[in-house]
């Protein structure tokens, strides 16, 4: 079981704004902050950390489970509005499995951030 992920970012302020806005529809919020680092989580557990550090993390694919398809749609819209780049509009990816519903956005540092719902009735 993965406990948390850390992404090293070029501009902490820019990335903080992106992640706070993009992940808000999924219930994420800032839970902890330390000099140079911001921790986000849904509920009371911090599971995504962003920190300003070199070398910058790039090319990561981070998928976050969503409770329903509407939330995947909301994530996608919020992430694009927050400056993310389109990398796959919300929709079924039947080649993964028949109920895989995901959306993909590139964050300010080039990481592929995904929201995914596996529920057939989502």
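Data for the structure
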read-out	value
Rounded to 10°, Cα long-axis angle of helix 12-23 versus longest principal axis of the chain	20 degrees
Taking 45, 10 and counting other C-beta atoms within 10 Å, the order from fewest to most	45, 10
CD proxy at 222 nm, helix term only [per DSSP H run n ≥ 4: -39500 (n - 2.57); per residue of the chain; nearest 500]	-6500 deg cm²/dmol
The chain, Rg to Rh (Cα coordinates; Rh as Kirkwood inverse mean 1/r)	0.96
Anisotropy class of region 1-53 from Cα gyration tensor, a/c 1.5 cut	oblate
Helix 69-81 axis, angle to the chain major axis (alpha carbon atoms, nearest 10°)	40 degrees
Efficiency of FRET from Cβ geometry, residue 70 and residue 11, R₀ 25 Å, rounded to 0.05	0.20
Residue 44 paired with residue 4, simple spin-label distance in nm, labels 7 Å along Cα-to-beta-carbon	1.6 nm
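All of the numbers you see were taken from the coordinates with simple rules; none came from a lab. The structure displayed is predicted, hence computed values, not measured ones. A quick note on method: Cβ atoms are made from the backbone with ideal geometry, for glycine too, and the neighbour counts reach across all protein chains shown.
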